[in-house]
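Read-outs: derived from the displayed coordinates by stated rules, not from any lab. On a predicted model such as this, the values are computed, not experimentally measured, just so you know. Positions of Cβ are generated from backbone atoms using ideal geometry, with glycine treated the same way; all protein chains shown enter the neighbour counts.
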Amino acid sequence: MKTLLKYAQVALVVLAIAALLAAPLVLKPYGIFVLSQWAVMAIAAVGLNLTLGYAGQISLAQASFVGIGAYTVALLQPFGVPFALAFVAAGLLSFAIGWVLGYPALRVQHHYLAFVTLAFTTLVFLVMRNEEWLTGGIYGISNIKRPIILGWSTVKPVPFYYFALGMLALVTAIVWWLLRSPWGRAFTALRENPIRALSLGIDTRRYTLFAFAFGSALGGLSGAMHAPLVQFIEPTSFGLSLSLTLLLMVIVGGSGYFLGPFVGALVAVIMPEWLRFADGLYLIAYALLVLLLMTFCPSGILGLFGRLANLIETRAASARRQSLSAKLDQKPVSS
Amino acid sequence: MSAFLQLLISGLATGAIYAIVAVGFTLIWQTSQTINFAQGEFVMIPAFFVLAAMKLGGLPFWAACLVGLAVSVFVLGVMFKQAIVDPMLKHGVLPLVISTIALSLLLKESAKEFYSSQAQPFPSLVPSVDLNLFGAVISTQSLLVLGVAFVTVGGLNLLLNRTRFGRAMQATAQNRSVARILGVPVERMVLATFVINGLLVAIASILISPIYLVKFTNGETLGLAAFIAAIVGGFNQVRGAIVGGLVLGVVDNLSAAYISAQYRGAFPLFLLIAVILLKPEGLVGRREERTV
């Protein structure tokens, strides 16, 4: 039964990937844009899931790392820096800033950490808005070009969509590998029982810092993709509301589940678009849906599936037990 | 000097409003571990209740204010607790945080959709006259805000410290199980803090709306200010929230005037970060939980 569920899971993922690859055949350019947005935001959400879901640190700073990544790419472009280099630079810069922010921030826990990171987001926003000589202030930076990767132009929506999917796949593969490495095991140990982890010789402070910085770096990479996707960036898109949306993606999808942020990003990016028929009411409907979901399923959408899978397994196990105990009862009779 | 006095008093007036909001925020945090990310929107909404009562019900301003208070106590106090906090509480802090974020979106969009996206004028409780005090120009608005805030907070303090009811509430906040053993009706006390929060945000709303106008986005800055005030002052003390609010209002005003208006929003944040790192129990808070 357990293997069957696993197969079902794999089949679902394969199906989803196939659907994503085939999407341009049926979708209009706007739909492709929304899906590209999903892929880009999912990168940031995967990063936050690492920080929050695996290492257990609430961060409201993810939006500012997306912003830092986006501005890095946008600012390096006029100097003719190739995209690949700018992309890596965005990741490294976010990693470094995340590490530096982590040092003081991780002295505090839980809601205090949430507020320190919240303050950081607002500070970064203020810098982006006020330092006009660097960031263009409220006018932002426009005309960001989409890259040409090894002679393959991503200027048109569909190629860029595949490019974004490819980057998402790359990031996913790296995180997948990381979580299966001793580092990843240590992250989970940190979340489950920090004191025990410490007593087992895990340098909790360093691992927490690393998880935080790595999650931030993924935020930066997401931003590096966001800039060429929308081709125009300005400070308000990287404010607190994006941080809250990213947090929402992780929790709604199911924090601590590997696939959680993908599902959560899908809900946060695509649901509002689906609800657009409701016109001005769509955000209201969206907020109500999130409220309902949290009330009935606080562990997120994947948590719901997890509960369902558990239920099926328990049923199956008790059925097995029953049939076995029936056999046991028969034995004395036969002997 | 007169300019300084002027800034100080208007800062204190803004700070007094922050303090009222932060007190409510702290109270519900204490009794039910709810970090209310919608607290700013809670301050934005009651003004809409008042305006709706005046426009649709044709009530005079004072009656509309009473209606606003009552509706906000019911909707933002009782209904918020019963419909959102209670079912979520057992699942821990994070899902509840997400819920309050969704709630803030819901309130904001509802105000925009069902009332208006334009800033609405709001009648003032007193005629707006500028008084001259030692060369500083001080508006009656500021004085009114300070006066009402003083009475509100003073009344709340009396309630919390001088009555059996208030002490039972404090006991609930400090240790739920012991309070229950001592015969405190814990559930009712928790409800009482939500009701008080509903009342406080409505008062803050009526005080602040004549100054800032009524707009659906008003909650964003106010919510942040309430968090900062609560943490700067001390999360576990009502007087902490008061001190935090006042300090925040003054710091905000003075830094904008004397250091940088562009980075106005940044100074409270520096203050916040400094307090969290150096004195996480807050300026006047008690050290009781391990946060570092």
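How many times 2.2 N^0.38 Å is the alpha carbon radius of gyration of the stretch A:1-85?
Working it through for the stretch A:1-85, the quotient is 1.49.
In the stretch B:184-223, if every C-alpha pair distance is counted and binned at 10 Å from zero, what percent goes to each bin?
The distribution over the stretch B:184-223 is 26, 40, 21, 12, 1, given as percents.
With θ taken as phi - 60° and the coefficients 6.51, -1.76 and 1.60, list the Karplus ³J(HN,Hα) couplings across the stretch B:38-53 in order, rounded to whole Hz; mark glycine and proline as x.
Rounded to whole hertz, the list is 9, 4, x, 5, 4, 7, 5, 5, x, 4, 5, 4, 4, 4, 5, 5.
Quick query: amide H of A:Leu60 versus all other amide H atoms, modeled in the peptide plane; which residues come in under 5 Å with a sequence gap of 5 or more or a different chain?
It is A:Thr117, A:Leu118, by chain and number.
Using a ≥ b ≥ c from the Cα gyration tensor of chain B (square roots of the eigenvalues), is it rounded, prolate or oblate, where a/c under 1.5 gives rounded and otherwise the larger of a/b and b/c decides, a/b for prolate? Let's see the in-between values first.
Working: a/c = 1.56, a/b = 1.18, b/c = 1.32.
The shape class here is oblate.
Scanning chain B for trypsin sites (Lys or Arg not before Pro) in DSSP loops with at most 13 other Cβ atoms within 10 Å, what's the longest stretch left with none? Walk me through the intermediate numbers first.
Values: sites that count: B:Lys90, B:Arg286, B:Arg287, B:Arg290.
Result for the longest clean stretch: B:91-285.
So what does log10 I(q)/I(0) come out to for the stretch B:133-281 at q = 0.16, 0.22 Å⁻¹, using the Debye formula with one equal point on every Cα and no solvent?
-1.05, -1.48
Report the convex hull volume per residue for the stretch A:208-328, counting only C-alpha atoms, in Å³.
Details: hull volume 20.5 nm³, N = 121.
It comes to 170 Å³ per residue, whole-number rounded.
I want to check a number: in the protein assembly as shown, how many lysine pairs have alpha carbons closer than 17 Å, given a sequence separation of 8 or more or different chains? Walk me through the numbers on the way to the answer.
On the way: A:Lys28/A:Lys156; A:Lys145/A:Lys156; B:Lys55/B:Lys112; B:Lys55/B:Lys215; B:Lys81/B:Lys90; B:Lys108/B:Lys215; B:Lys112/B:Lys215.
Step by step, the pairs that qualify in the protein assembly as shown add up to 7.
Among residues other than A:Ser255 whose Cβ falls under 14 Å from its Cβ, what is the net charge (Lys/Arg +1, Asp/Glu -1)?
Details: positive: A:Arg191; negative: A:Glu192.
Charge balance in the 14 Å sphere: 0.
Taking other Cβ within 10 Å of each residue's Cβ, how do B:Asp86, A:Asp329 sort, fewest first?
Values: B:Asp86 16, A:Asp329 9.
Ordered from fewest to most neighbouring Cβ atoms within 10 Å, B:Asp86, A:Asp329 come out as A:Asp329, B:Asp86.
Run lengths n ≥ 4 of DSSP H only: what is the helix-derived mean residue ellipticity at 222 nm for the protein assembly as shown, with -39500 (n - 2.57) per run over all residues, to the nearest 500? List each step's numbers first, then the result.
Details: 26 runs with 459 residues, N = 627.
The per-residue figure over the protein assembly as shown is -24500 deg cm²/dmol.
Provide A:Val100, B:Val251 in ascending order of the number of other Cβ atoms located within 10 Å of each residue's Cβ, fewest first.
Values: A:Val100 13, B:Val251 18.
Final ranking by Cβ density, sparse to dense: A:Val100, B:Val251.
Rounded to whole Hz and in sequence order, give me ³J(HN,Hα) for the stretch A:186-196 from the Karplus expression 6.51 cos²θ - 1.76 cosθ + 1.60, θ = phi - 60°, writing x for Gly and Pro.
Once θ is set to phi - 60°, the couplings for the stretch A:186-196 become 5, 4, 4, 4, 4, 6, 6, 7, x, 5, 5 Hz.
Find out how many positive minus negative residues lie around A:Pro159, taking Lys and Arg as positive, Asp and Glu as negative, among other residues whose Cβ is under 14 Å from that of A:Pro159.
Working: positive: A:Lys145, A:Arg146, A:Lys156; negative: none.
Neighbourhood net charge equals +3.
Quick one: what are the phi-derived ³J(HN,Hα) couplings along the stretch B:56-65, Karplus 6.51/-1.76/1.60 with θ = phi - 60°, whole Hz, x for glycine and proline?
Each residue of the stretch B:56-65 in turn: 7, x, x, 7, x, 4, 5, 5, 4, 4 Hz.
Is the C-alpha gyration tensor of the stretch A:78-147 telling us rounded, prolate or oblate? Criteria: a/c under 1.5 is rounded; beyond that, a/b larger than b/c is prolate, otherwise oblate. If you can, show how the numbers build up before the last one.
Numbers: a/c = 3.24, a/b = 1.62, b/c = 2.01.
Oblate.
At what distance in nm do the modelled label points of A:Asn193 and A:Trp176 sit from each other, each positioned 7 Å from its Cα along Cα→Cβ?
So the two model labels end up 3.1 nm from each other.
Cβ under 15 Å from A:Gly56's Cβ, A:Gly56 left aside: what net charge do those residues give with Lys, Arg +1 and Asp, Glu -1?
On the way: positive: A:Arg185, A:Arg191, A:Arg196, A:Arg205; negative: A:Glu192.
Spelling it out: positives minus negatives among the neighbours equals +3.
Which of rounded, prolate or oblate describes chain A when judged by the alpha-carbon gyration tensor and an a/c cut-off of 1.5?
On the way: a/c = 2.02, a/b = 1.55, b/c = 1.30.
Cα axes put chain A in the prolate bin.
Given the C-alpha centroids of the stretch A:129-207 and the stretch B:6-34, what is the distance between them in whole angstrom?
The distance from the Cα centre of the stretch A:129-207 to that of the stretch B:6-34 comes to 38 Å.
Can you sort B:Leu51, A:Leu281 so the residue with the fewest Cβ neighbours within 10 Å comes first? Intermediate values should be presented prior to the final figure.
Values: B:Leu51 20, A:Leu281 16.
Ascending number of Cβ neighbours within 10 Å: A:Leu281, B:Leu51.
For the protein assembly as shown, state the average projected area of the convex hull of the C-alpha atoms over all orientations, rounded to one decimal in nm².
Details: hull surface 144.5 nm².
For the Cα atoms of the protein assembly as shown, the hull's average projected area reads 36.1 nm².
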